[in-house]
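First comes the structure, then the notes that go with it.
We did not get these values from a lab; they are worked out from the coordinates using the rules stated. Since the structure is predicted, the reported quantities are computational estimates derived from the model, not experimental observations. Note that each Cβ is placed from the backbone with ideal geometry, even for glycine, and that neighbours are counted across all protein chains shown.
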């Protein structure tokens, strides 16, 4: 049975479906030696290559949670030579890729998988997966400025939905806030705080959907349980 090429690449665990679509659009994907365009289909037994290399055969699915430290980029290879999360996953034999992102200066819960459908479900805006960020901020009148975060605001020309904000604790010169959002735009929480007149000094994602970071040590990873995977897919 024929399937779209990007779906087959994603199912192989090589990359997400969105990344596969980008590779196809860039002319980097061939089927049986011929470069294909978006919308192309392939069947079992066809030879599919990305950048001239055959895609992996579909194998065991892995679903990991990593406590990403500061100073690592959320990618498997960085052209600028910065440390990437692959360095923290050297004992994982399967090729897994990040679900979403955490910027280099942020830390906390990062999901990785080789299941493209799982990744697409979590990242698709229609599913509105909640993400909670523990956010250390500095600024005057934090209580008043936190109220601004609870209002719709425009970031990079896009109107984002109001955030849920709760005070975790007060600290000298500021506070620690728990900020809940459903979108995942680039550096969204940092830009929201900046718009509200608050300076972020530390940012840690502590929850995504039903999954919490818990006591997982910084720089370590663990497999998700079957119950956790099922809960995230609901």
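A few remarks follow.
- For a label point 7 Å along the Cα-to-beta-carbon line of residue 183, residues of segment 96-126 with backbone N under 14 Å: 125-126
- Unit Cα scatterers, Debye sum, segment 1-94: log10 I(q)/I(0) for q = 0.16, 0.21 Å⁻¹: -0.75, -1.05
- Of all DSSP beta bridges in segment 106-209, antiparallel share, percent nearest 5: 95
- Beta bridge orientation in segment 26-86: antiparallel %, DSSP, nearest 5: 90
- Shape summary of segment 3-54, radius of gyration then Dmax from alpha carbon positions: 9.2, 24 Å.
- A simple packing score, the average count of other Cβ atoms within 10 Å per residue, orders the peptides 131-137, 61-67, 161-167 as 131-137, 61-67, 161-167, with the highest score first.
- Modelled spin-label separation between residue 233 and residue 53, with each label point placed 7 Å from Cα along the Cα-to-Cβ direction: 2.8 nm.
- Computed E for residue 61/residue 28 - FRET, C-beta separation, R0 25 angstrom, nearest 0.05: 0.50
- Whole-Å semi-axes of the ellipsoid equivalent to the chain (Cα gyration tensor, √5λ, descending): 36, 19, 16
- Counting only DSSP beta bridges with both residues in the chain, the antiparallel share comes to about 95 percent.
- Calculated P(r) of segment 164-227 - Cα pairs past 12 Å, %: 78
- An ellipsoid equivalent to segment 47-121, defined through the eigenvalues of its Cα gyration tensor, has semi-axes of 23, 15, 11 Å when rounded to whole angstrom and sorted largest first.
- Residue 37-residue 87 pseudo-label distance in nm [points 7 Å out on the Cα-to-Cβ vector]: 4.3
- Ratio Rg/Rh [Cα only; Rh per Kirkwood] for segment 130-208: 0.92
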